[in-house]
Amino acid sequence: MQKITHEDELVKKALQIGAVYAKKRAYGEVESHDSVKLKVEFVYKVLVEDKLIQPLAKDQISDPNMRHKLALWISRQLPPDHPLLKDTK
């Protein structure tokens, strides 16, 4: 698994958008006091349930892998000219 440029910021954006999506789909809400790890798992499971992302293999499920999946998902949802998708080389 290769780290994506701006992966941490992309995960943060994915959690924001994923939380809104989950609320609209009536899966529940992400609380402000929930840990980031719990938020990542919740949004990941919502997106897998709705078949918006392919699930990880059972032996590959971990926080870093779920974060990577969320970063990939949101990078495909954002417009191509979004600042988080630009390389900073």
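In a DSSP loop and with at most 14 other Cβ atoms within 10 Å, the GluC sites (Glu not before Pro) in the chain are E29, E31. Computed across segment 7-71, the Kirkwood radius stands at 11.7 Å (inverse of mean 1/r, all Cα pairs). Of the trypsin sites (Lys or Arg not before Pro) found in segment 44-84, the ones in coil according to DSSP and having at most 13 other Cβ atoms within 10 Å of their Cβ are K51. Across the chain, the relative contact order, built from alpha-carbon pairs under 8 Å that are at least six residues apart, equals 46 percent.
Restrict the search to the chain; then list the chymotrypsin sites (Phe, Trp or Tyr not before Pro) that DSSP places in a loop and that have at most 13 other Cβ atoms within 10 Å of their Cβ.
The qualifying sites: there are none.
Since every read-out is calculated from the coordinates, none of them should be taken as a lab result. Given the structure is predicted, the values throughout are model-derived calculations rather than measurements. Ideal geometry is used to build each Cβ from the backbone, glycine not excepted, and the neighbour counts take in all protein chains shown.
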